[in-house]
Every structure is written in structure tokens, then in C-alpha cells.
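Just dropping this structure here.
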Amino acid sequence: MADAKVIPFDDDRSRSGGTSRPARRRTGPGGPGGGDGSAAPVSALPGAQAPEPTVEAEQEELRPDAGGAEGSAGGGWERRIAGGLAFLRRRVTGDYDVDEFGYDKELTDQVLMSALRPLADKYFRVEVKGIENIPSDGGALIVANHSGTLPLDGLMLQVAVHDNHPAERHLRLLAADLVFHLPVVNELARKAGHTLACAEDAQRLLETGEIVGVMPEGFKGIGKPFGERYKLQRFGRGGFVSTALRAGAPIVPCSIVGAEEIYPMIGNAKTLARLLGFPYFPITPTFPWLGPLGALPLPTKWTIQFGEPIPTDGYPPEAAEDPMLMFNLTDQVREQIQHTLYKLLVQRRSVFF
């Protein structure tokens, strides 16, 4: 493997006017000829050259069904252990790829998604509807409602898209500035494919064929009182519509039911929020009264429904600058999400079942 140069990734805003850069491979100090991070040589058949093991082949070892009929219980565990060790070797030596936004696909698939999946499947029991409305290839903008006091709905949406779409597509969420100012959370968000909620980043992702997710309510939606649950807040000035029009990407409305009740917000300590630099400081029936135990979300039953996509490729290029068109499309998306929320609320039997 040839050495590659790592391009520093420092400033979020500095990318807005630059050209698109290909994914880069991180390589450790051992290099291709060093002994610290190099793989053991593979013996070849007489007269044949042994191929070097690829990342894809090593990731295949992690699959429990790898090996077909020969995949016995013992062999399956051996393959998992071997795949796990190969994964750790790549992390230690830096032999993995990240894109220009810091997205680490291997870490997301093998670690982050695996950690979130039990929460989605077992705890919230997320039911997904309308997944066929997300295109199998090309860019698309998913617009969803935002709620729940803590932004767990965005993470569950990411798992829902990847695990239920036939093409296992990855959702690239647009996040607020606060996310990238928090220690640890900043790095994890970058690794998971999230990026700053600005038009330039969103457009570049859409134009490269990515699925992008945005929650236009922002903190107004996630921090609203429990008494206003499932009532959509203002969607801003329609910047997401302008971005979709410029990229010619369809808009997929998404309605999420169940997130509103995980942390019923009955109060807001505004003074404490200002001191901590937060947009709000929630008070719930369990937090802060029960301490860390009060931070445990309630096990509500979730439903995520994707609506029919709204095409934007039929509009002329100057349509992105038409305020009336942006207002109409924004209102259309908002009304479709709100109508679906009401319909799902009528259909559900219980908050928890």
C-alpha cells in the first residue's frame, strides 16, 4: 500500500468554497515497509502471486454467516475474533479511510451502528414505513420533525435508513453548531457522517449522491414543552428547499412518532441554561430529581414513516432564488409531515406498545 498524505481537517466553514476532495486513507507511522503496522505475509501457491488482504475482505470476516454451510458455531466465533483483530489493527495503524467531512464508514458500520441498533430494535422498537420512498441511488434530502429533549430521534433515523433500505444507504445528518463544540460528541458526530447545518455542505453532499437528513425545527422543536408535543414549530426561512433545488434532489418528508415522550419536558431552567451555554435546560418528571437515573429515556414505541418524495429537478436553476416558490414548497413539506403525524397518532394503540 502506498503512502498517502493526510489533509488536515480543521475549519468547518473553510470548505464552503473549495473543490471536492476524494476520500483519504489514514496510514500509521509504520508505513508500507515498517514492521509496526504491516500485515503478515501470505503464502502463495507455486507460480502464483498472493493477493494482499483488502479492507473489504477483512470486514467480511465479521459477518456471522460468512463461510456458508461450513460456518459452524466455533468457526463463526473464530472469524469474528479474526475480523475484530483486523479491525483493531487498522485503527491502531491508521489504515482506514475518511472523507473530506471526517466520515468514517468502517467505524460507523462496525461500532457506532452496532451500539445504536439494540436501542432502536429492542428498546424503542422502531417501526419503519415507506422506506421505498427513499431512492436506491443518487442524492435525496430527508426532512423530519424534531423532538425529544435530547436528539435521539436523529440517531434512530440514521439506523432506520441504513437497516431497512435495500441498498443499506447511509444518512448524513446536518447538525447544529453546538454539536461540534462539545468534546467527544464532536468527534463521534464527524465519524458518523454528520456535518454542519450549512447550505454549502448540504449541497455538496447531495450533489455527490448522498442521503442528507435535516430537521428544520432545530432547538425550537427538540426543546418545546410537553404540552406542545407533535405540533410542528416554524421551519425557518426554507433554506433546505433552496439547497434541494440547487442540487436537483428530491425532498422526502419524514414523520417520527414516539420521540416526544422519552423525556417529557415539563419545565425549563432558563437561568441555568444561560450559565451553561445551552439553548434550554430541561426539567422532566425524573430529571434532575433522580440524578443520573433520570437521564434514562422512557421506553416508548416509535414509528418512522417516510412520505412520497417531492421532486425538484423539474425547476429551472433560478428557482432556488424564488422566495415564493421556497415558501410554497416549505409549507407543502411541513403540512405533509404534520398530517402524517396526526394520522400515526390516531393509529397507535399506546405510547409504550
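The values are calculated or read from the model by the stated rules, or taken from the named source; none is laboratory data. Quantities reported herein were computed from a predicted structural model and do not represent experimental measurements. All Cβ positions, glycine included, derive from the backbone under ideal geometry; neighbour counts span all protein chains shown. The accessibility values were calculated without ligands, DNA or RNA, using every heavy atom of the protein model including side chains. Shrake-Rupley method; radii C 1.70, N 1.55, O 1.52, S 1.80 Å.
State all residues of segment 205-217 that are surrounded by fewer than 19 Cβ atoms within 10 Å (Cβ to Cβ) and over 13 Å from Phe101 (Cβ atoms); if no residue qualifies, say none.
Looking only at segment 205-217, we keep the residues that are surrounded by fewer than 19 Cβ atoms within 10 Å (Cβ to Cβ), and these are 207-209.
Result: Glu207, Gly209.
The rows are residues; the columns are (1) of a type in the set (A, V, I, L, M, F, W, C); (2) over 15 Å from Leu341 (Cβ atoms).
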site: Asp201; (1), (2): no, yes
site: Arg204; (1), (2): no, yes
site: Glu207; (1), (2): no, yes
site: Val212; (1), (2): yes, yes
site: Phe219; (1), (2): yes, yes
site: Leu232; (1), (2): yes, no
site: Gly238; (1), (2): no, yes
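So, of the residues in segment 184-204 that are touching a Phe, Trp or Tyr at 6+ places or on another chain (Cβ under 9 Å) and closer than 15 Å to Asp104 by Cα, which turns out to be surrounded by the most Cβ atoms within 10 Å (Cβ to Cβ)?
The qualifying residue surrounded by the most Cβ atoms within 10 Å (Cβ to Cβ) is Thr195.
Looking at this structure, is Ala176 in contact with a Phe, Trp or Tyr (Cβ under 9 Å, 6 or more places away or on another chain) and open to solvent by less than 50 Å² (accessible area, probe 1.4 Å)? Can you show your working first?
Working: in contact with a Phe, Trp or Tyr (Cβ under 9 Å, 6 or more places away or on another chain): yes; open to solvent by less than 50 Å² (accessible area, probe 1.4 Å): yes.
Answer is yes for this residue.
Here is a follow-up. Among the residues of segment 111-150, write down those that are polar (S, T, N, Q) and buried (at least 18 other Cβ atoms within 10 Å of the Cβ).
Matches in segment 111-150: Asn145, Ser147, Thr149.
Can I ask one more? Could you please give the count of residues in segment 182-227 that are within 25 Å of Glu260 (Cβ to Cβ), in contact (Cβ under 8 Å) with a residue 12 or more places away in the chain, outside any loop (DSSP other than H, G, I, E, B) and aliphatic (A, V, I, L, M)?
Here the count works out to 6.
Answer yes or no: is there a residue in segment 158-167 that is surrounded by 18 or more Cβ atoms within 10 Å (Cβ to Cβ), of a type in the set (Asp, Glu) and in contact with a helix residue (DSSP H, G or I) (Cβ under 9 Å, 6 or more places away or on another chain).
No - not one qualifying residue is present in segment 158-167.
If the requirement is being closer than 17 Å to Pro216 by Cα, of a type in the set (A, V, I, L, M, F, W, C) and out of contact with any helix residue (DSSP H, G or I) (no Cβ under 7 Å at 6 or more places or on another chain), which of these qualifies: Leu345, Leu341, Leu329?
Leu341
Filter segment 134-159 down to the residues that are in contact with a Cys (Cβ under 9 Å, 6 or more places away or on another chain) and either charged (D, E, K, R) or more than 22 Å from Ser242 (Cα to Cα) (or both) and list them by number.
Leu157
Right, another one. Where residues in segment 91-110 are of a type in the set (A, V, I, L, M) and in contact with a Lys or Arg (Cβ under 9 Å, 6 or more places away or on another chain), which of them is most open to solvent (accessible area, probe 1.4 Å)?
Our first condition is that a residue be of a type in the set (A, V, I, L, M); within segment 91-110, this holds for 92, 98, 107.
From what is left, the residues that are in contact with a Lys or Arg (Cβ under 9 Å, 6 or more places away or on another chain) are 98, 107.
Details: Val98: 6, Leu107: 31 Å².
For segment 91-110, the residue satisfying everything is Leu107.
Right, here's the next one. Do we have Arg125 as of a type in the set (D, E, K, R), over 13 Å from the mean Cα position of the chain (by Cα) and more than 19 Å from Ile251 (Cα to Cα) here?
Yes.
So, one more: Give the number of residues within segment 302-353 that are out of contact with any Cys (no Cβ under 9 Å at 6 or more places or on another chain) and in a helix (DSSP H, G or I).
Here the count works out to 28.
Scan segment 272-283 and give yes if some residue there is touching a Pro at 6+ places or on another chain (Cβ under 9 Å) and more than 22 Å from Val179 (Cβ to Cβ), otherwise no.
Looking for residues that are touching a Pro at 6+ places or on another chain (Cβ under 9 Å) and more than 22 Å from Val179 (Cβ to Cβ), one finds none in segment 272-283, hence no.
If you don't mind, there's one more thing I want to ask. If I ask for residues that are surrounded by 17 or more Cβ atoms within 10 Å (Cβ to Cβ) and either of a type outside the set (Gly, Ala, Ser) or modelled with pLDDT of 90 or more (or both), which ones from segment 79-90 would you list? Steps first, please.
Filtering segment 79-90 for residues surrounded by 17 or more Cβ atoms within 10 Å (Cβ to Cβ) gives 79, 83, 86-87, 90.
Those that are surrounded by 17 or more Cβ atoms within 10 Å (Cβ to Cβ) and either of a type outside the set (Gly, Ala, Ser) or modelled with pLDDT of 90 or more (or both): Arg79, Phe87, Arg90.
Here is a follow-up. Can you name the residue in segment 156-181 that is closer than 15 Å to Thr303 by Cα and touching a residue at least 40 places away in the same chain (Cβ under 8 Å) and, of all such residues, is nearest to the chain's Cα centre (by Cα)?
The initial filter retains those residues of segment 156-181 that are closer than 15 Å to Thr303 by Cα, namely 156-161, 163-164.
Checking the rest, the ones that are also touching a residue at least 40 places away in the same chain (Cβ under 8 Å) come to 156-161, 163.
Numbers: Met156: 8, Leu157: 7, Gln158: 4, Val159: 7, Ala160: 10, Val161: 9, Asp163: 12 Å.
If we take residues in segment 156-181 being closer than 15 Å to Thr303 by Cα and touching a residue at least 40 places away in the same chain (Cβ under 8 Å), then Gln158 is nearest to the chain's Cα centre (by Cα).
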